[in-house]
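The values are calculated or read from the model by the stated rules, or taken from the named source; none is laboratory data. This is a predicted model, so every value here is computed, not measured. Don't worry about glycine lacking a Cβ; one is built from the backbone with ideal geometry, like all the others, and counts go over all protein chains shown. Note: accessible area is taken over every heavy atom of the protein model, side chains too, but ligands, DNA and RNA are not part of it. Shrake-Rupley method; radii C 1.70, N 1.55, O 1.52, S 1.80 Å.
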Amino acid sequence: MSSTLPWSLVSVVRSERRDGQMLFIIEVKPAGDDEAYFLGKRYNMFAHLRSEVKSHLKGVMIMPFPPKLGTNIEQRRRMLDDWLAEVVSCAREESHAALRPLLYEFLAERTAETTALGGTEFIIEAVKMPEYEDRDGTTWFAIDACSLDSHLFRIWKTYSMFAHFQKDVDFNPAIFPKKGLTKCTGEALEERRQQLVIWFTQLISASEADEQLKPKIQDFLVPQTDSPVQHSNEVQISCLGILAARLTDVAERGGAVYYKVEVVPAESHEPYFLWKRYSMFLNLCDSVVHTTGDPNYALDFPSKLLSRGEKSLDHRKRALDFWLTSLFDAAGGSDRELLRPLLQQFLHESEKMPPVLACSSETEVSSVSVPSYHDRQGTIFYTINCHLSTGADYSVAKSYSMFHELAQSCAQCSIGQVALSGFPPKSFLKMTNKESLNYRLHALSKWFVAMFERSQSADYDDVKPWLKRFLNPHI
């Protein structure tokens, strides 16, 4: 059962800078004949609303909330528009009636003037401390700061600078990392970085209510003459050699959907464009989860279950853009050494044409292997490494049911029941223990390699198309 809210339209229509503030303008049209009015809201006002509605919409929201770092102004506006539209839609349902008072307050017309014309706003929106470096025996901690206009810059500070700053602001000394008697290295140094992040993040939050803290934080984030300063472009150069990567378009080609990725190299600044299938992004996601061992990287990845309408494809494009941007940002964090090679390969200029689409008769798959498996949202997928005759490699991920379907299809060909020989039987119970999974991996690997080798024989030409289709990364 749904309920009518007092607005017929709520949309984040544009962004504006006013008195040093970056505001996102919301058009609100009341139900009936009343004229629309406009509200100016800062990003952290949306973030505050999100913190209030989060408990009511746990497991319900589909549209992601834009991150503090890694998005430009227009991208952030679009994501805020999608997110707010979904919150309003949920509030129309009786099961989420608790959202309505929060939206009434957030969208109240009386706040329009005070929100849009408030006083000078503190410029720092968010900070991250993704890494540290040893320079001439001194440890420097990187601080990535983001201003309200989404300008990202990096400065470096030593522990002693933080300690002096802590005494100056006199904020929560209990959680500030203590100075040891010996030089801080290894795990202790990483623990110090994490403690500084917690302390600094709480300080930024406290500055919203304490006007005296804001100028002190701002002064602390001004680069010192002896500080190895980096600006936004240098931050990305240190990560990938790439300034930016974003999805700009979606198109259908030969019945398949491709997403256009614009990549801006750090050296030339001349963008190049890649066309990627959804399955390519999915393979990247699988590789990231498998390589890092962290399933959280898949949480914001858009579902495969999607209709083919223009609106749905644009929705997926934006969701993939958000996911790739977040992964791009994470490449500067603790998993940077694992993520960077994967992203560099995915965004490499030589990948303008996917390997299989560019294949001729001389560049077909020459050999295969099934080295590993991973869990993707409760389903086990097996990684197949494909080696091309040109020397290039690519990988696809297939579930047991996909292998089983392939075996059944091949059994209908000239190879007959030989196709089922050695294929591991289906278990009536879900395979979860490592020993059982490793047994199935070994059996599937042995069966698939043998089937691939048989398909190379002229006697089984009708099997080869099934294998080629199975190994196509775009299906």
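What is the calculated FRET efficiency for Lys29 to Lys304, with r their C-beta to C-beta distance and R₀ = 35 Å, to the nearest 0.05? Between Lys29 and Lys304 the formula returns 0.50. Counting protein heavy atoms only, region 384-458 has 54 percent of its accessible area on carbon and sulfur, 1.4 angstrom probe. Using a simple spin-label model with pseudo-atoms 7 Å out from Cα toward Cβ, Lys434 and Arg135 lie 4.2 nm apart. Electrostatic tally near Trp447: other residues with Cβ closer than 15 Å to its Cβ, Lys and Arg +1, Asp and Glu -1, net +3.
I'd like the accessible area for Asp219, computed on protein heavy atoms only with a 1.4 Å probe and all protein chains in place. Round to 10 Å², please. Roughly 100 Å² of Asp219 is accessible to a 1.4 Å probe.
Here the Kirkwood formula, the inverse mean of 1/r across different C-alpha pairs, assigns region 389-467 a hydrodynamic radius of 13.8 Å. Distant-in-sequence amide contacts of Thr158, defined by a placed amide H-H separation under 5 Å and a gap of 5 or more residues or a different chain, comprise Phe141.
Amide hydrogen proximity for Glu93: with H placed 1.01 Å from N in the peptide plane, the residues at 5 or more positions away or on another chain lying under 5 Å are Ser3.
Pairs of Lys residues in region 385-475, spaced 8 or more positions apart or belonging to different chains, with C-alpha separations under 26 angstrom: 14 in total.
Taking 0.36 nm per residue of separation and subtracting the current Cα-Cα distance, fully stretching the chain between Lys446 and Ala256 would add 65.2 nm.
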